[in-house]
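Visitor: Next up is a structure, given as structure tokens.
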Amino acid sequence: MGISGRLVNNINELIEEGKRFRQKEKEQKLIREYEKWTLNCIELLREIFGDKSEHLNDFINDKIKGEELLQNLLRKKLVFLRKYDEFNTIVEHQIGILESAKECIEKGISDLRTSISLEFYREILKIAESLNEKNLKDPAAILGFSILKSMLKREDSLWSKDEDKIRYFLELGESAVEGRFYLYNRDKVKEMLRWISKAIESLSDKNALFHY
């Protein structure tokens, strides 16, 4: 399963969890469960859209309103005085935000975030290449290792390109991190950085969702 599939599954789970807030069987736990749910949703929305998205800001505003409403409701000693219609409306709006995020992923609207991510990798790669050219193979290897690990975490389809070579590059990077510098040379680092560069451009050419 790709990262976009994971995100969609996570969103579906959070949507179903949000719908269960309509059931008030355990009112004492409601605030705590709602807070946990909203924090999980915020983390996911931030992963998809970044820190300054309208989706995230709207959801956080709803979270503040929802928590305030719940606190006021649960202060009422008589259960029949607790009217949850306004809280339910807030939750429905938050579920709508999650459904919109799911649609964005499925339609590939996160491609702008993808481009930013790829550009970041290119900049770090340039630094690594420059270090290697200056015979500073060890910090270059560590930077390349960091880029490769991050790319594989976000796009596991990269493994299909050349699994054996990727494993070798990961071992090279681990050797650099652990100080076993004698296990590789400058040419091997150059080979790793060249492979990473091609992988970045391949993802860019496909306009793939780098699956935030």
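The values are calculated or read from the model by the stated rules, or taken from the named source; none is laboratory data. Owing to the predicted nature of the structure, the values given are computational and were not obtained by experimental measurement. All Cβ positions, even for glycine, are placed from backbone atoms using ideal geometry, and neighbour counts span all protein chains on display.
Visitor: Take segment 172-186 and flag every residue that is out of contact with any helix residue (DSSP H, G or I) (no Cβ under 8 Å at 6 or more places or on another chain) and not small (Gly, Ala, Ser).
Guide: Glu178, Arg180, Tyr182
Visitor: Okay, next question. Inside segment 155-168, can you point out the residues that are among the charged types (D, E, K, R) and in a helix (DSSP H, G or I)?
Guide: Residues satisfying the conditions are Asp156, Glu163, Asp164, Lys165, Arg167.
Visitor: From Lys29, Lys76, which residue is outside any helix (DSSP H, G or I) and modelled with pLDDT under 85?
Guide: Lys76
Matching residues to (1) in a helix (DSSP H, G or I); (2) over 25 Å from the mean Cα position of the chain (by Cα); (3) outside the structural domain of Arg122 (by TED's automatic domain parsing):
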| residue | (1), (2), (3) |
| --- | --- |
| Ala140 | yes, yes, no |
| Leu143 | yes, no, no |
| Lys149 | yes, no, no |
| Leu170 | yes, no, no |
| Ala176 | yes, yes, no |
| Gly179 | no, yes, no |
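Visitor: From the list Ser204, Ser146, Ser115, which one is at pLDDT 85 or above, under 30 Å from Gly5 (Cβ atoms) and either of a type outside the set (D, E, K, R) or out of contact with any Asp or Glu (no Cβ under 6 Å at 6 or more places or on another chain) (or both)?
Guide: Ser146
Visitor: Do you know which residues across segment 66-87 are of a type outside the set (Asp, Glu) and surrounded by fewer than 16 Cβ atoms within 10 Å (Cβ to Cβ)?
Guide: Gln71, Asn72, Leu74, Arg75, Lys76, Lys77, Leu78, Val79, Phe80, Leu81, Lys83
Visitor: For the structure I just gave you, tell me whether Gly66 is at pLDDT below 90 and in contact with a Ser or Thr (Cβ under 8 Å, 6 or more places away or on another chain).
Guide: In short, no.
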